[in-house]
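Structure first, then comments.
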Amino acid sequence: MASRADYEAIPEAALAWHREGRGAALGTVVETWGSAPRPVGSQLAISGTSDMMGSVSGGCVESAVVAEALEAIGTGESRLLTYGVSDDDAFAVGLACGGTIRVLVEPIGALPETMLADLCEARAERRPVAYAVDTVTWQRRLDGPQDWPERFRLDRSGFEEDCFVAIHNPPLRMVVVGAVHIAQPLMQMAKLAGYDATLVDPREAFGSVERFPDARLVHDWPDDALSAHGLDQRTAVVTLTHDPKLDDPAIETALASDVFYLGCLGSSRTHAKRVDRLRAAGFDDRAIGRIHAPVGLDIGARSPAEIAVAIMAEITRVLRLG
């Protein structure tokens, strides 16, 4: 999946190096067999002066890709490379269990600068975009989520016949409203799962650095905080306060957006009262039906940590299965 770690500014680095006149190329993992240390879609940017950002494996494969990239920058031609190792040699080059990878190396120029700039602009604006390249004709284009809905939903780059489709989804984000006990393990789990998580609670005594030492804290009113944060289809919102004065403004703001997940803590009885308030506020059954409540998969969770596990499991199921 496209986490913050996977969303390094690798295409942006290649574009900057190219514009500086140093030359640049992008290496992209396009296929893997067996056990490979980096998934399909992983990238390595290489400058004409051998600067690097990113990774396509681990070990000497990088060195080989850099050498090929420097040659490609000189010739201006793209190339497909295949690296495979036996089990005996696998560990030394970072390809565990005899893995094999296929790497596409594209010098900037063969990959048009204007297309790369458009790709970088879409990434900066958190717009999902796919870079598609036919490895037979070398025709290239930028596509949107409507062209590859399943690939965007699953964050899955890969081949469609001879066309390699590289998915560039914005990083996943989560907004947790309510600095309650459950929020402590939930914020940690969200980070481990690759989410850029923000905790919102106007009550500074609850949302304190002492209680959440590594969290991004916002002490604004929830609807103001969510509006300023920006909500999109790569964002999940979870409300935990039980207090309608705090939860309801956040829920109404989330329902007016296209967040992929909205979960609300509370019993079935609490949710029924919430539904009545939302209907009175003008929300119809279709909108209200987007809410996952009681929040989390029903796994019999009792402790705050177990409830956080149930919430993360449900968010993952919605993200991956719809």
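The values are calculated or read from the model by the stated rules, or taken from the named source; none is laboratory data. All figures in this text were calculated on a predicted structure; none of them were measured in a lab. So basically every Cβ, Gly included, is an ideal-geometry build from the backbone, and we count neighbours across all protein chains shown. Note: areas computed on protein heavy atoms with side chains; ligands, DNA, RNA excluded. Shrake-Rupley method; radii C 1.70, N 1.55, O 1.52, S 1.80 Å.
A few comments on the model shown:
- Residue check, residue 213 surrounded by fewer than 16 Cβ atoms within 10 Å (Cβ to Cβ) and not aromatic (Phe, Trp, Tyr): yes
- Applying the set (1) open to solvent by 20 Å² or more (accessible area, probe 1.4 Å); (2) in contact with a Phe, Trp or Tyr (Cβ under 9 Å, 6 or more places away or on another chain); (3) under 19 Å from residue 309 (Cα atoms) to residue 265 leaves exactly one unmet item: (2).
- Restricting the stretch 225-240 to residues that are open to solvent by 20 Å² or more (accessible area, probe 1.4 Å) and either in contact with a strand residue (DSSP E or B) (Cβ under 9 Å, 6 or more places away or on another chain) or modelled with pLDDT under 95 (or both), the residue that is nearest to residue 184 (Cα to Cα): 229
- Residues within the stretch 198-229 that are part of a loop (DSSP other than H, G, I, E, B), small (Gly, Ala, Ser) and closer than 30 Å to residue 154 by Cβ, tallied: 1
- Near pairs, Cβ below 7 angstrom, 6+ apart or cross-chain, from the stretch 43-54 (in contact (Cβ under 8 Å) with a residue 12 or more places away in the chain and farther than 18 Å from residue 21 by Cβ) to any residue that is open to solvent by 60 Å² or more (accessible area, probe 1.4 Å) and among the small types (Gly, Ala, Ser): none
- Applying the criterion of being in contact with a helix residue (DSSP H, G or I) (Cβ under 9 Å, 6 or more places away or on another chain) and of a type outside the set (A, V, I, L, M, F, W, C) to the residues of the stretch 190-210, the residue that is most open to solvent (accessible area, probe 1.4 Å) is 203.
- Top-ranked residue in the stretch 88-119 [being at pLDDT below 70 and in contact with an Asp or Glu (Cβ under 8 Å, 6 or more places away or on another chain); ranked as most open to solvent (accessible area, probe 1.4 Å)]: 97
- Of all residue pairs spaced 6 or more apart or on separate chains, those with beta-carbon atoms under 7 Å, a first member in the stretch 151-170 that is more than 12 Å from residue 130 (Cα to Cα) and a second member that is open to solvent by less than 30 Å² (accessible area, probe 1.4 Å) and in a loop (DSSP other than H, G, I, E, B) are 162/135.
- Scan of the stretch 308-322 for residues that are in contact (Cβ under 8 Å) with a residue 12 or more places away in the chain and out of contact with any Leu (no Cβ under 8 Å at 6 or more places or on another chain), ordered by number: 309, 315, 316, 318, 322
- Spans of strands (runs of 3 or more DSSP E) in the stretch 108-197 with at least 2 residues under 13 Å from the mean Cα position of the chain (by Cα): 163-168, 173-177
- Filtering the stretch 146-168 to residues that are at pLDDT below 95 and among the aliphatic types (A, V, I, L, M) leaves only 154.
- Some residue of the stretch 54-63 being farther than 30 Å from residue 260 by Cα, part of a helix (DSSP H, G or I), at pLDDT below 95 and touching a strand residue (DSSP E or B) at 6+ places or on another chain (Cβ under 7 Å): yes
- Among the conditions (1) within 22 Å of residue 179 (Cβ to Cβ); (2) in contact with a helix residue (DSSP H, G or I) (Cβ under 9 Å, 6 or more places away or on another chain); (3) open to solvent by 40 Å² or more (accessible area, probe 1.4 Å), residue 277 misses just one, which is (1).
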